[in-house]
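Colleague: This structure is in structure tokens; I'll ask about it shortly.
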Amino acid sequence: MSAAPDTLSPTVHLIDDDQAVRDGLGLLIGTVGLRVQPWSDPQAFLGNFDREGIGAIVLDVRMPGISGLSVLDTLVAQGVDQPVIMLTGHGTVDMCRRAFKAGAAEFLEKPVNDEALLEALQNAVRQHVRSRQRNEADRAARERYAQLSEREREVLGLIVEGLTNKEIGRALGLSPRTVETHRANLFAKLQAPSLAQLIRHYAALVDADDGTAGGGGTA
Amino acid sequence: MWQSWQRLKWWVSGGILLSLAGAVLLARLSLDEQRALFETDARIVHRLLSQQVVQHDAMLATLALLQPVPDSSSGASSPEQRLPVLYPQILSVQRRDPEQRWSDPLLTQAETRSRQVRRAALGALDLPAGRYQLVLAATPTSYALTIDARAMVPWSEWPMQADTSPVRVTLEHDGQQYVVQPGAALDDRPSRGWHFAFHKLLAAESQPFDVVATLSVGWGQLPWGLMLIWVLGVTALLATLHHLQRQRSARRRAEELLRLGQVARLNTLGELAAGMAHELNQPLTAVLANTQAAQRLLNEDPPELATARNAMLQAAAQARRAAEVVGRLRQTVERPDRSGQHQPVAAVEAVRRALYLLEPECQRRDVAPVLDAPQAVTLLADPVALDQIVHNLILNALQALEQVPAAQRQLKLTVSAQQRRGEITVADNGPGIPPEVLPRLFEPFFSTRKDGLGLGLSLCESLANGMGGSLDATNAPEGGAVFRLQLPLAEGLP
């Protein structure tokens, strides 16, 4: 894990008004191979940081001008998905609760122990990567699903319910051969290597589709 | 100041109003009583005089009925002539025999009137002298009585002291007046005041004299003594109430101030602690981060010596920064020198003040403090600091006593002096101080209470030291904690 940071490695945004703290924590975080982007001014951070990148945010609660909690509120309101770790010099239970309620991933007290901080950061980054990947897969599946014709979606829905080609043909008034053709087409369009994979990736989409189109169909 | 004057104004006006109302009521009652007495007396006077004059009618009627005995016409031994002997008010009896005329034409007129109205009629009338004549026409002989009103009054049955009574009684008729009882002389009668009057005709139609009784009561005759006592009583009562109320509100204010002071101190301490935490946590965070980063860098293979060295330099610099923060804090918090404020203070008074302020706390815990001060001890101290120390020590003891059943709680305060030092001790019979706590008792931020800041005793000790004294704590052999505050005695004073 101590590989030299490159441009693609996750980035930790470190926001603290104190230069010494930024330097010290930056050095510490750097030892586990995470890239550190220090910010002294919360406003500058909010205006300029890379929202698309993978990583996490470390935010001091007590800063001049703007409180860490309101920075957190702004991030959540803007739909920023990078996990936020809050740091505070004198954490009260109340402040801790507010931070978690506002969506903080972790709440740590200064001076912070290296293991607690680094573990929290690694968890946060891992979680972020996973959520980004899941989002990406979901988006791709949705795009492929959109390419299906009306009839292919019907066939897919019945496949997901576990019907055989014959049963599907009977249900839709089609010959088993035609069903077979639709089935081959939709496997190709959805790029599914097996029936199991098809069901795992698309069952949810079919259910959602049924929920919205089903009502109109029976009326 | 203005507010207290406003409040006082209400008390004063309330007092004046209450005094006036009471005085008026007293005067009214006294006047009513005097009037009732006067009217009763006047009625008795009227009845007594009426009984007398009715007798005259009866005498004349009897004479008229008997008529003179024919052979005693000589007149000397006539029976009617014996009347003046029996009745002192009858001065003389005249008679007009048939075919004769009255010597006095007034008697003739009276007889004519008497004949018309068929009852006795008045003849000559000289009321100022108290004389009048009464004539009854009869056939053949008519009789006349000359009556002395003065002798008519039955003084033995008279309801008043004739010579001293202020009531004036007169008989009035036809513009004439006979003074039965003079009452207060005309000049002495008050022109301002209350005038009571009684008018009633005598109960004899033949002698229709008006009985007039008057009484004047002047301002001077009002029950001033009683009214004065009332006003003084009201004033005393209101003054007492006002004093009590002021005492109560002063005490409430003192308690309030004390509570506010404690809250303010806690707030200040809270702010201080938060600021201190931030100021210290920043460099400490940097120190910790740098040292731990250095450790990791040194553990790498090969170790990144240059970066690690730099991290250690950073850590050292930040440690110095933390030390500077602490130094600055001490300078800020250090108390200014208050030795100029030292003055002679009676130790007993300081203890009493603290006990007075803490009385509600004592009552709440069923603790009756005992103060033992056999001699007057005058300390040289800052009165504010002394009050604060004693207050804290007593409060501490009260809190310790909460762990003892209410019936057994004892709190004893002692004031004494030895050589050149005065001493105040506060002893409770609580659980005492655990031996492991004793050496740390006066350390700042050390507290055995969960919610304690651990500054109370530490502050007391520094205050005592600042006044050239000392504060120490021991456990009494019979149990409980004893705190001993020693301070220098004021020179030249006991």
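Rundown of residues vs (1) at pLDDT 85 or above; (2) within 44 Å of the chain's Cα centre (by Cα), yes/no style:
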residue: B:Asn396; (1), (2): yes, yes
residue: B:Val415; (1), (2): yes, yes
residue: B:Ile433; (1), (2): yes, no
residue: B:Leu438; (1), (2): no, no
residue: B:Glu443; (1), (2): no, no
residue: B:Leu453; (1), (2): no, no
residue: B:Leu471; (1), (2): yes, no
residue: B:Gly480; (1), (2): yes, no
residue: B:Gln486; (1), (2): yes, no
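Colleague: Right, something else. Of the numbered conditions (1) crowded, with 20+ Cβ neighbours inside 10 Å; (2) of a type in the set (Ser, Thr, Tyr); (3) within 14 Å of chain A (Cβ to nearest Cβ), B:Ser216 fails exactly one; give the number of that condition.
Modeller: All conditions pass for B:Ser216, except number (3).
Colleague: So, one more: Pick from region A:15-30 the residues that are facing chain B (nearest Cβ under 8 Å) and buried (at least 23 other Cβ atoms within 10 Å of the Cβ): which of them is farthest from B:Leu305 (Cα to Cα)? Lay out the reasoning, then the answer.
Modeller: Of region A:15-30, the ones facing chain B (nearest Cβ under 8 Å) are A:18, A:20-21, A:23-25, A:27-28, A:30.
Cutting the leftovers down to buried (at least 23 other Cβ atoms within 10 Å of the Cβ) gives us A:21, A:24-25, A:27-28.
On the way: A:Val21: 21, A:Gly24: 16, A:Leu25: 18, A:Leu27: 14, A:Leu28: 15 Å.
By that ranking, first place goes to A:Val21.
Colleague: So which of A:Ala184, A:Ala140, A:Ala124, A:Ala116 is within 26 Å of A:Val12 (Cβ to Cβ) and without any contact (Cβ under 8 Å) to a residue 40 or more places away in the chain?
Modeller: Values: A:Ala184 fails: within 26 Å of A:Val12 (Cβ to Cβ); A:Ala140 fails: within 26 Å of A:Val12 (Cβ to Cβ); A:Ala124 fails: without any contact (Cβ under 8 Å) to a residue 40 or more places away in the chain.
Exactly one of A:Ala184, A:Ala140, A:Ala124, A:Ala116 is within 26 Å of A:Val12 (Cβ to Cβ) and without any contact (Cβ under 8 Å) to a residue 40 or more places away in the chain, namely A:Ala116.
Colleague: Given (1) more than 14 Å from chain B (Cβ to nearest Cβ); (2) free of Cβ contacts under 8 Å to residues at least 24 places away in the same chain, identify the lone condition not met by A:Trp39.
Modeller: In the conditions (1) more than 14 Å from chain B (Cβ to nearest Cβ); (2) free of Cβ contacts under 8 Å to residues at least 24 places away in the same chain, A:Trp39 misses (2) alone.
Colleague: Name the pairs: first residue in region B:200-221 and free of Cβ contacts under 8 Å to residues at least 24 places away in the same chain, second residue in a strand (DSSP E or B) and not aliphatic (A, V, I, L, M), Cβ to Cβ under 8 Å, at least 6 apart or on different chains?
Modeller: B:Leu201/B:Asp210
Residues are listed down the side, and each one gets a yes or a no for (1) out of contact with any Phe, Trp or Tyr (no Cβ under 7 Å at 6 or more places or on another chain); (2) within 14 Å of another protein chain (Cβ to nearest Cβ); (3) not small (Gly, Ala, Ser):
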| site | (1), (2), (3) |
| --- | --- |
| A:Ala44 | yes, no, no |
| A:Gly47 | yes, no, no |
| A:Arg62 | yes, yes, yes |
| A:Ile66 | yes, no, yes |
| A:Leu69 | yes, no, yes |
| A:Asp73 | yes, no, yes |
| A:Pro83 | yes, no, yes |
| A:Leu87 | yes, yes, yes |
| A:Gly91 | no, yes, no |
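Colleague: Next up: Yes or no: B:Asp126 touching a residue at least 40 places away in the same chain (Cβ under 8 Å) and either surrounded by fewer than 16 Cβ atoms within 10 Å (Cβ to Cβ) or of a type in the set (Ser, Thr, Tyr) (or both)? Quick ask: steps written out before the conclusion?
Modeller: Values: touching a residue at least 40 places away in the same chain (Cβ under 8 Å): yes; either surrounded by fewer than 16 Cβ atoms within 10 Å (Cβ to Cβ) or of a type in the set (Ser, Thr, Tyr) (or both): yes.
The answer is yes for B:Asp126.
Colleague: Right, next: Can you name the residue in region B:291-335 that is in contact with a Ser or Thr (Cβ under 8 Å, 6 or more places away or on another chain) and exposed (fewer than 14 other Cβ atoms within 10 Å of the Cβ) and is also nearest to the other protein chains (Cβ to nearest Cβ) among such residues?
Modeller: Checked region B:291-335; the qualifying residue nearest to the other protein chains (Cβ to nearest Cβ) is B:Glu300.
Colleague: Going by what's in this entry, would B:Ala400 be described as out of contact with any strand residue (DSSP E or B) (no Cβ under 7 Å at 6 or more places or on another chain) and either more than 18 Å from B:Asn465 (Cα to Cα) or modelled with pLDDT of 85 or more (or both)?
Modeller: The answer is no for B:Ala400.
Colleague: Further, regarding this structure: Has region B:358-371 got any residue that is buried (at least 16 other Cβ atoms within 10 Å of the Cβ) and modelled with pLDDT of 90 or more?
Modeller: Yes, because at least one residue in region B:358-371 is buried (at least 16 other Cβ atoms within 10 Å of the Cβ) and modelled with pLDDT of 90 or more.
Colleague: Could you check region B:265-290 and list, in sequence order, the residues that are facing chain A (nearest Cβ under 7 Å) and modelled with pLDDT under 90?
Modeller: Answer for region B:265-290, where residues must be facing chain A (nearest Cβ under 7 Å) and modelled with pLDDT under 90: B:Ala274, B:Ala277, B:His278, B:Asn281, B:Gln282.
Colleague: Does B:Ala121 satisfy being farther than 25 Å from B:Pro159 by Cα, among the aliphatic types (A, V, I, L, M) and in contact with a helix residue (DSSP H, G or I) (Cβ under 8 Å, 6 or more places away or on another chain)?
Modeller: On the way: farther than 25 Å from B:Pro159 by Cα: yes; among the aliphatic types (A, V, I, L, M): yes; in contact with a helix residue (DSSP H, G or I) (Cβ under 8 Å, 6 or more places away or on another chain): yes.
Answer is yes for this residue.
The values are calculated or read from the model by the stated rules, or taken from the named source; none is laboratory data. This is a predicted model, so every value here is computed, not measured. Glycine gets a Cβ as well: all are built from the backbone with ideal geometry, and neighbour counts include every protein chain shown.
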